Structure formats: C-alpha cells, structure tokens
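**Student:** Here it is, the structure, as structure tokens.
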Amino acid sequence: MPNDLPSIESLNQQFGSESVKFRVGEGGLIQCRVQNQFASVEFYLQGAHVTHYQPLDAAPVLWMSNVSKYAPGQAIRGGIPICWPWFGAHDENPDWPQHGFARTQCWKVRAVLETDSSTEVLLGLTESPSTLELLNQSFDARYRISVGKQLTVELAVTNTGQAPLEKIGCALHSYFSISQIETLKLDGLDGKSYLDKLDQKVKTQAGPVIVDQEIDRIYRETSSPITISDQGAGRQLRVSGTGSHSTVVWNPWVNKSKRMADFPDHGYQNMICVETANAGADVRTIPPSETHAIAQTIELV
Ligand code: TA6
C-alpha cells in the first residue's frame, strides 16, 4: 500500500458531507460511499473503482464477484474497472498487466461537487515511478463519478508531456447484474461488425445479442445507446457512451469462469459486461497538451 495514502479522517474532513463518506473497505482499501436522493454508489480509491450502483427503490445495477480480491495492486473483480492506457494484453509486452495500470493505481480525491441534480466526485492520477516503468510519459488523468438520475463515469486524460501519447487503449469495463443469462437481450448493435476475440474473425451482428456461450467481442463503429433487457427481472438499462467508437461485450461462460480464481464458477449466469471502449482500431493518440475524454452513462429505463 503506498505510504502517502490520506487518512480516512482527513478525507472526510476535506471532502466528506452528509452524502459523501469515506471508510475502510474490504481488504483495508479506502472506500467512498455516495448516498443522495437518487442512488447509492460505492467506489475504492484503488483504481477509482466503482463497485456498487443502486438507484433509489431499485436493485443493484452492477455485478460484483463475491470472491474478488481486495488487496493493494490487485484488480477488483466486477463493478466498473478502468482499463487504461491499453485494453487487453499490451501489444509489445504481453507479460505486462492486462488492461493497463489505471485499475490498480491509487487515485487521489481532487474535489466533490454537490448540486440539486447530482453528487460528483473527481479523482486524479498522474505519472509515478511505477507508471513510468509501463508508460514512460507524463499525463494527468481525471475520473469523474456523477451520481444523479443516471450514473455517469468519465475518464479525461491530458497529455502533459512533450511527445504524443500514442495507441492509447481504454475501456470503462462495466459488469452489469442480471437475473438469469438465458433471458438477457442486448439491443443497439444490430448490423454492427465485430471482432470475435475467440476466433479472431470479423463478423456482423444480426439482431439482438443473446448469450448462450462464452462471448468476447469488440463491436466497431458503435455510437448509439445499448439497451440491456433483463427479461427475468423485468428491467431494462440503457448504456450510452461518448468519446468511444467501440463497445466490448463479454461473458466468460462456465469454463472460463472456473479458470478465474476471483470469479465464482456460476457467476456467468448473472452478469454481462458492456464496455464503452477505445479498443482495437479505436485506440487514440493524444497530442501534447491535448485531452481525450471517454464516458459511460448508465440509466434505468
Ligand atoms: O473485456 C473482455 C476481456 O478483455 C476478456 O477477454 C477478459 O479477459 C476480461 O476482459 C477480463 O479481464 P481481466 O483482466 O479483468 O480478467
């Protein structure tokens, strides 16, 4: 655990309020709980990782593994991991952390903004000796968690160096809780081409996405909202993105679930990942002094 972590007391003194409270969470990691008239949200400073989103009078929206690790430098399983500055395996160094380092770094709280329409927490991450080993460039990353009638998470990264930040991949890797996989339907991807990562073939989506096996797909040229219909629970979610032209859809199904120590063997039956991304051909270059922002908004329909 980095030794420059703020104390819970100092965080509550500087940023706490009736709606925003910091506490020691699982594994001794620092957790923040936002509870306002719209919803409750929990996140950890490690990874700026949202682990809970529950609109008022509704069931939790995000899926969390009940066997997730909570330890410094270990990715938390479920919720909304931030994949940055690459998505998946690193192009040249496959033994580097999958999905980059943002989800295992400790982010700093920069501001809290409370209005009648939302509670916003702003977190920040800049280069450090550990990130410079993996990305030898400076940056200023800001993550805004906005809790209102919808939940919006936005990652904005400014290139504070002298050279372009190239081939930056990213995903707001959201795990959604569903009642049963058999009755799940995703609308909004009909006709879109996608890279099927299971056989590396490019295919075209015909109609809604249903899940009856492992799926791991990077949909291309996506722009419209995706509707997650959990017919078993009689609930629909709308997921929309900005700053992104690719959407990842993933369900590990049974065999891959069993291979992941932090994923319950049958967890695949109650989750789907719909990720607003800059993945595949949608990776971005951020010139010096410029900023790229990507955001996902989640709302109950
Ligand atoms: O977003 C889908 C994916 O790239 C899958 O291939 C699977 O690896 C998933 O991410 C989870 O990755 P993680 O590193 O969190 O186990």
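The values are calculated or read from the model by the stated rules, or taken from the named source; none is laboratory data. Worth saying up front: this structure is predicted, and the values here are computed from it rather than measured. Heads up, the Cβs are rebuilt from the backbone with ideal geometry, glycines too, and the neighbour counts pull from every protein chain shown. For accessibility, only protein heavy atoms count, side chains too; no ligands or nucleic acids. Shrake-Rupley method; radii C 1.70, N 1.55, O 1.52, S 1.80 Å.
**Student:** Among the residues of the stretch 118-130, is any hydrophobic (A, V, I, L, M, F, W, C), buried (at least 19 other Cβ atoms within 10 Å of the Cβ) and under 30 Å from Asn93 (Cβ atoms)? Talk me through it step by step, then tell me what you get.
**Tutor:** Pass one, the stretch 118-130, residues hydrophobic (A, V, I, L, M, F, W, C): 121-123, 125.
Subsequent filtering for residues that are buried (at least 19 other Cβ atoms within 10 Å of the Cβ) retains 121-123, 125.
Cutting the leftovers down to under 30 Å from Asn93 (Cβ atoms) gives us 123, 125.
Yes, the stretch 118-130 contains a residue that is hydrophobic (A, V, I, L, M, F, W, C), buried (at least 19 other Cβ atoms within 10 Å of the Cβ) and under 30 Å from Asn93 (Cβ atoms).
**Student:** Out of the residues in the stretch 157-176 meeting the condition of being of a type in the set (S, T, N, Q) and open to solvent by 50 Å² or more (accessible area, probe 1.4 Å), tell me which one is farthest from the ligand (Cβ to nearest atom). Let's see the steps before the verdict.
**Tutor:** Step one: filter the stretch 157-176 for residues of a type in the set (S, T, N, Q), giving 158-160, 162, 174.
Going one step further and asking which of them are open to solvent by 50 Å² or more (accessible area, probe 1.4 Å), we end up with 160, 162.
Numbers: Thr160: 27, Gln162: 31 Å.
In this case the residue turns out to be Gln162.
**Student:** Let me ask something additional. Quick one: how many residues across the stretch 201-219 are in contact (Cβ under 8 Å) with a residue 24 or more places away in the chain, out of contact with any Phe, Trp or Tyr (no Cβ under 6 Å at 6 or more places or on another chain) and open to solvent by 80 Å² or more (accessible area, probe 1.4 Å)?
**Tutor:** Here the count works out to 2.
**Student:** For the subset of the stretch 45-81 comprising residues that are within 15 Å of the ligand (Cβ to nearest atom) and part of a strand (DSSP E or B), which member is nearest to Thr276 (Cα to Cα)?
**Tutor:** Only one residue tops the list, namely Ile80.
**Student:** Here is a follow-up. Failed condition for Thr222, given (1) out of contact with any His (no Cβ under 7 Å at 6 or more places or on another chain); (2) touching a residue at least 24 places away in the same chain (Cβ under 8 Å); (3) within 16 Å of the ligand (Cβ to nearest atom), with all others met?
**Tutor:** (1)
**Student:** Suppose we filter Ala293, Ala277, Ala261 for residues that are open to solvent by 60 Å² or more (accessible area, probe 1.4 Å), hydrophobic (A, V, I, L, M, F, W, C) and at pLDDT 95 or above; which single one remains?
**Tutor:** Result: Ala261 is the single residue among Ala293, Ala277, Ala261 that is open to solvent by 60 Å² or more (accessible area, probe 1.4 Å), hydrophobic (A, V, I, L, M, F, W, C) and at pLDDT 95 or above.
**Student:** Continuing with this model, one more query. Scanning for something of a type in the set (Gly, Ala, Ser) and within 11 Å of the ligand (Cβ to nearest atom), does the stretch 258-269 turn up at least one residue? Step through it out loud before you land on a result.
**Tutor:** The first filter runs over the stretch 258-269 and keeps only residues of a type in the set (Gly, Ala, Ser), leaving 261, 267.
Those still in the list that are within 11 Å of the ligand (Cβ to nearest atom) too: 261.
Within the stretch 258-269, one or more residues are of a type in the set (Gly, Ala, Ser) and within 11 Å of the ligand (Cβ to nearest atom).
**Student:** Those residues that are free of Cβ contacts under 8 Å to residues at least 24 places away in the same chain and open to solvent by less than 10 Å² (accessible area, probe 1.4 Å), I need them from the stretch 41-81; list them, please. Full working, then the answer.
**Tutor:** Looking only at the stretch 41-81, we keep the residues that are free of Cβ contacts under 8 Å to residues at least 24 places away in the same chain, and these are 42, 54, 56-57.
None - no residue of the stretch 41-81 is free of Cβ contacts under 8 Å to residues at least 24 places away in the same chain and open to solvent by less than 10 Å² (accessible area, probe 1.4 Å), so the list stays empty.
**Student:** Are any of the residues in the stretch 141-156 buried (at least 16 other Cβ atoms within 10 Å of the Cβ) and acidic (Asp, Glu)? Break it down into steps so the answer makes sense when it comes.
**Tutor:** The initial filter retains those residues of the stretch 141-156 that are buried (at least 16 other Cβ atoms within 10 Å of the Cβ), namely 141-148, 150-156.
Now drop any that are not acidic (Asp, Glu), which leaves 154.
Among the residues of the stretch 141-156, at least one is buried (at least 16 other Cβ atoms within 10 Å of the Cβ) and acidic (Asp, Glu), which makes the answer yes.
**Student:** Only one of these conditions is not met by Phe15: (1) open to solvent by 30 Å² or more (accessible area, probe 1.4 Å); (2) over 18 Å from the mean Cα position of the chain (by Cα). Which number is it?
**Tutor:** (1)
**Student:** Right, another one. Select from the stretch 177-201 the residues that are more than 13 Å from the ligand (Cβ to nearest atom), over 14 Å from Thr247 (Cα atoms) and not charged (D, E, K, R) and list them in ascending order.
**Tutor:** If the condition is that a residue be more than 13 Å from the ligand (Cβ to nearest atom), over 14 Å from Thr247 (Cα atoms) and not charged (D, E, K, R), then Ser177, Ile178, Ser179, Gln180, Ile181, Thr183, Leu184 are the ones that fit.
**Student:** Consider His266 carefully, then state whether it is without any contact (Cβ under 8 Å) to a residue 40 or more places away in the chain, out of contact with any Gly (no Cβ under 9 Å at 6 or more places or on another chain) and surrounded by 14 or more Cβ atoms within 10 Å (Cβ to Cβ).
**Tutor:** Details: without any contact (Cβ under 8 Å) to a residue 40 or more places away in the chain: yes; out of contact with any Gly (no Cβ under 9 Å at 6 or more places or on another chain): yes; surrounded by 14 or more Cβ atoms within 10 Å (Cβ to Cβ): no.
So His266 fails the test.
**Student:** Of the residues that sit in the stretch 82-140 and are free of Cβ contacts under 8 Å to residues at least 12 places away in the same chain and farther than 27 Å from Val274 by Cα, which one is nearest to the ligand (Cβ to nearest atom)?
**Tutor:** The selected residue is Glu133.
**Student:** If a residue must be within 25 Å of Thr227 (Cβ to Cβ), near the ligand (Cβ under 10 Å from one of its atoms) and assigned to a helix (DSSP H, G or I), how many such residues does the stretch 247-257 contain?
**Tutor:** Residues flagged as within 25 Å of Thr227 (Cβ to Cβ), near the ligand (Cβ under 10 Å from one of its atoms) and assigned to a helix (DSSP H, G or I) within the stretch 247-257 amount to 0.
**Student:** Hey, another quick one. Could you count how many residues in the stretch 20-40 are under 21 Å from Val153 (Cβ atoms) and crowded, with 16+ Cβ neighbours inside 10 Å? Reasoning before the result, please.
**Tutor:** Step one: of the stretch 20-40, the residues under 21 Å from Val153 (Cβ atoms) are 20-23, 25-26, 29-40.
Subset that is crowded, with 16+ Cβ neighbours inside 10 Å: 20-22, 25, 29-32, 34-36, 38-40.
Count: 14.
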